[in-house]
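The values are calculated or read from the model by the stated rules, or taken from the named source; none is laboratory data. All values reported here derive from a predicted model rather than from experimental measurement. In this analysis, Cβ positions are derived from the backbone assuming ideal geometry, glycine residues included, and neighbour counts consider all displayed protein chains. Keep in mind that these areas ignore ligands, DNA and RNA; they rest on the heavy atoms of the full protein, side chains included. Shrake-Rupley method; radii C 1.70, N 1.55, O 1.52, S 1.80 Å.
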Amino acid sequence: MKKELLTPLLVIAAMILLIISRVGDAKKIDWIAYAAVAIIAVCVILIVNLVNKSK
């Protein structure tokens, strides 16, 4: 695994944990969980771009 991929993967893991804690606590998705989903999407796009650059 390349060093460049480590940061987005850790951010995705943190956002998933944030979503789990918010949904488990309130039984609904609030704006913080929506922001976490948006950050996950940006990280996935970043990972795809990094993988395509390395090819």
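Across region 10-15, rounded Karplus estimates of 3J(HN,Hα) from the backbone phi angles (6.51 cos²θ - 1.76 cosθ + 1.60, θ = phi - 60°) give 5, 5, 4, 4, 5, 5 Hz, Gly and Pro being marked x. Over the chain, accessible surface divided per residue gives 78 Å², non-protein components excluded, 1.4 Å probe. Think of the chain as a dipole: +1 on every Lys or Arg Cβ, -1 on every Asp or Glu Cβ, centred on the Cα centre; then among 36, 52, 13, 52 lies furthest on the positive end. Only helices enter the 222 nm calculation for the chain: every DSSP H run of n ≥ 4 contributes -39,500 (n - 2.57), and dividing by all residues gives -31000 deg cm²/dmol, rounded to 500. Label separation (residue 53 vs residue 20): 3.0 nm, computed from points 7 Å beyond Cα along the C-beta direction. The relative contact order of the chain comes to 44 percent, based on Cα pairs under 8 Å that sit 6 or more residues apart.
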